[in-house]
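What follows is one structure encoded as structure tokens, with my remarks underneath.
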Amino acid sequence: MLTDQDIDKLTSVLASKNDIQEIKVDLEGLKELVQGLIVSSDSLSKSISEFTVEYAAISNQLSRHDQWIRQIAEKLDLKLAS
């Protein structure tokens, strides 16, 4: 049989309903924070992907222009400075 003293010891160690409610509130806030971070991470990932594609297109265009300029210089017998 448990005595009052045993019950007092148990209640000092075990979580109360208020403790559990506080944990639930904290977890809800944490859940919202994590969801916000996921949305931000997805947004950054999308932006990086778009910039990568744009950079590849610009790099390709620059290479093409460089090739055209070299062809024009060769046809006109011009020396390009390095």
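Side notes on the structure shown:
- As an equivalent ellipsoid, the chain spans semi-axes of 74, 11, 7 angstrom, where each value is the square root of five times an eigenvalue of the C-alpha gyration tensor, largest first.
- At R0 = 41 Å, FRET efficiency that the Cβ-Cβ distance of Leu76 and Ser41 yields, to 0.05: 0.20
- Normalised per residue, the volume of the convex hull around the Cα set of the stretch 43-82 (Å³): 49
- Between 0 and 90 degrees, the angle of helix 4-13 with respect to the longest Cα principal axis of the chain falls at about 10 degrees.
- Folded to 0 to 90 degrees: helix 17-75 orientation relative to the chain principal axis, Cα: 10
- Extension gain for Asp26 to Asp6 (0.36 nm times residue separation, less C-alpha to C-alpha distance): 4.2 nm.
- Value of [θ]222 nm, deg cm²/dmol, for the chain, DSSP H segments ≥ 4, -39500 (n - 2.57) each, nearest 500: -31000 deg cm²/dmol
Quick note: the coordinates plus some simple rules give every number you see, no bench work behind them. Please read these numbers as outputs of a predicted model, since none were measured by experiment. Backbone-built Cβ (ideal geometry, glycine too); neighbour counts: all protein chains shown.
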